[in-house]
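Here's the structure we're looking at; comments come further down.
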Amino acid sequence: MALSTPKSWCKGMSTGSLKSILKTGQNNNFLIQMMKALMFSKLLILQLKWNSYGAEGAYFFLITVIETVLSAPVALQNDIYEWVRDHRVHHKFSETDADPHNATRGFFFSHIGWLLVRKHPDVIEKGQKLDLSDIKADKVVMFQRRYYKPSVVLLCFTLPTLVPWYFWDESIIISFFIPAILRYAVALNAAWLVNSAAHMFGNRPYDQHINPRENPLVSLGALGEGFHNYHHTFPYDYSTSEFGWRFNLTTAFIDLMCFLGLASDRKKVSKEVILARKMRTGDGSHKSG
Ligand SMILES: [Zn+2]
Ligand SMILES: [Zn+2]
């Protein structure tokens, strides 16, 4: 991608000279040393692998996967604590005023509008009554919450901008607006579709009396989060679907973590229970995904 790079973008320092400092280590400036250390320790392997294919597209895809699956700061979708709190309120008081993104208020509100206005008082009141002691006791969650803002600046915007610029000489403008800003906007909208489209469009094979739907397009965009009728019917199922890895990279990721011994106790609904529920409350479509 060719777009002219400003000769000087960083207080009179040309991109060329900054890059040469980063590459050769001629400068002991602490900030530059920190940037070098971060880039080399965290991204060298990733970049060598992907750059060998000459793949800006692959980089874009990979970083999208990483931001959606692996790293909340990259996604900038609030820290884990806040995300879990809102998610629990959403399930417990789904499609009432206490639901943070109440889909009965329309597509726009459930998609993005809820983030643009003050929370409904019921969301705050009911949210405060939830038991969040388990996530408060989780050291990783609280560590991430403590350092959330600086980690967002670093992982969501700074690194995605620096990597293409440094490793395959992309212009700094393209590097900022495509891998950082566009990627962030696309991923946000894909995630928001779970709250909007997956509560409005699709069939309801498990429970036709609730609004959440099975929406395969949302599953594709949100890496498996579109099996929403299933997810709201059986919220304790770790896979959010009865179909395992089908359109469901998130399930594959959790399974990988279990395989590596980093996660355990996956809860799954039995086929018999699913079938009985389909027969009892489903819309008869018996389809999903
Ligand atoms: Zn959910
Ligand atoms: Zn939902």
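Tabulated results
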{"read-out": "Selected residue (criterion: nearest to ligand 1 (Cβ to nearest atom)) from residues of the stretch 84-108 that are acidic (Asp, Glu) and free of Cβ contacts under 8 Å to residues at least 40 places away in the same chain", "value": "Asp99"}
{"read-out": "Criterion (of a type in the set (Gly, Ala, Ser), within 16 Å of ligand 1 (Cβ to nearest atom) and at pLDDT 90 or above) met by exactly one of Ala252, Ala198", "value": "Ala198"}
{"read-out": "Residue that is modelled with the lowest pLDDT, among those in the stretch 216-249 that are within 12 Å of ligand 1 (Cβ to nearest atom) and of a type in the set (A, V, I, L, M, F, W, C)", "value": "Ala222"}
{"read-out": "Top-ranked residue in the stretch 123-133 [being in a helix (DSSP H, G or I) and in contact with a helix residue (DSSP H, G or I) (Cβ under 9 Å, 6 or more places away or on another chain); ranked as nearest to Ala98 (Cα to Cα)]", "value": "Val123"}
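The values are calculated or read from the model by the stated rules, or taken from the named source; none is laboratory data. This is a predicted model, so every value here is computed, not measured. Every residue, glycine as well, gets a Cβ built from its backbone with ideal geometry; the counts of neighbours run over all protein chains shown.
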